[in-house]
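The values are calculated or read from the model by the stated rules, or taken from the named source; none is laboratory data. Everything quoted here is computed from the prediction, not taken from an experiment. FYI the Cβ positions are ideal-geometry reconstructions off the backbone, even for glycines, and counts take in every protein chain you see. Calculation scope for accessible area: heavy atoms of the full protein, side chains included, ligands and nucleic acids excluded. Shrake-Rupley method; radii C 1.70, N 1.55, O 1.52, S 1.80 Å.
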Amino acid sequence: MATLTFEVFSRFQSATDANKLLYTPIEDALTYNHTRLYTVECEGDVEAAKDYMRRVLVDSISQKVQEDGTPALEGELFCISYGIKKGALDLEKEAILANYRGRTGLPFSISALTITQKVYIFGEGNREALSARFCKDVCNPAIHTWSVK
């Protein structure tokens, strides 16, 4: 069993005002950028699985992908990673898996797929207080699980 990671982000999007993520603005001059992290459990031909996932997940013209498990962005004050809870409908995940199931003769099999949204917050301030505020406004406890790094 192999675990593959693909952190996908825009080539053209730079960090922007983090107040866009909040219900009410804060005075701290913070910016944010976001990525999507796809974690795939697979068996069989790992290189073929990587190639397939790159074709499905990444637009090579407008996006970049980080595949070595290290964060795609750096220098953040904190990063919120959140995803859909097990049992809740994740339409993107279902579309990817439907595409996979619709293929025949692939030299690998996918046993699990996890999609995590990553929001990188840049700037200076009280990391704990600010991360709690952003988690409250970005994450919905009814459907999301999250962590802060």
*With Glu47, Glu41, Glu7 as the choices, which residue is within 15 Å of the chain's Cα centre (by Cα) and of a type in the set (Asp, Glu)?*
Glu7
*The listed residue being under 29 Å from Pro25 (Cβ atoms) and open to solvent by 70 Å² or more (accessible area, probe 1.4 Å), out of Ala72, Ala142, Ala129*: Ala142
_Every residue in segment 10-26 that is in contact (Cβ under 8 Å) with a residue 60 or more places away in the chain and over 21 Å from Thr116 (Cα atoms), please._
Tyr23, Ile26
*Name the single residue, out of those in segment 109-126 being within 18 Å of Pro71 (Cα to Cα) and among the aliphatic types (A, V, I, L, M), that is surrounded by the fewest Cβ atoms within 10 Å (Cβ to Cβ).*
Ile115
*Residues satisfying the stated conditions in segment 109-141, i.e. of a type in the set (S, T, N, Q) and under 18 Å from the mean Cα position of the chain (by Cα)*: Thr114, Thr116, Gln117, Ser131, Asn140
*For Arg11, are the conditions met, namely being of a type in the set (Lys, Arg), modelled with pLDDT of 95 or more and either under 23 Å from Ile84 (Cα atoms) or surrounded by fewer than 17 Cβ atoms within 10 Å (Cβ to Cβ) (or both)?*
no
*asked:* So, Ala29, is that one open to solvent by less than 30 Å² (accessible area, probe 1.4 Å), touching a residue at least 40 places away in the same chain (Cβ under 8 Å) and of a type in the set (A, V, I, L, M, F, W, C) or not?
replied: no
*Entirely in segment 13-130, the strands (runs of 3 or more DSSP E) that have 1 or more residues that are of a type in the set (Gly, Ala, Ser) and either closer than 24 Å to Trp146 by Cβ or out of contact with any strand residue (DSSP E or B) (no Cβ under 6 Å at 6 or more places or on another chain) (or both)*: 78-84, 108-122
*Using beta carbons and a limit of 6 Å, which pairs, at least six apart or on different chains, have the first residue in segment 67-82 and within 19 Å of Arg54 (Cα to Cα) and the second one among the charged types (D, E, K, R) and surrounded by 16 or more Cβ atoms within 10 Å (Cβ to Cβ)?*
Ala72/Glu7
*Counting only residues that are crowded, with 20+ Cβ neighbours inside 10 Å and free of Cβ contacts under 8 Å to residues at least 60 places away in the same chain, how many does segment 36-55 have?*
2
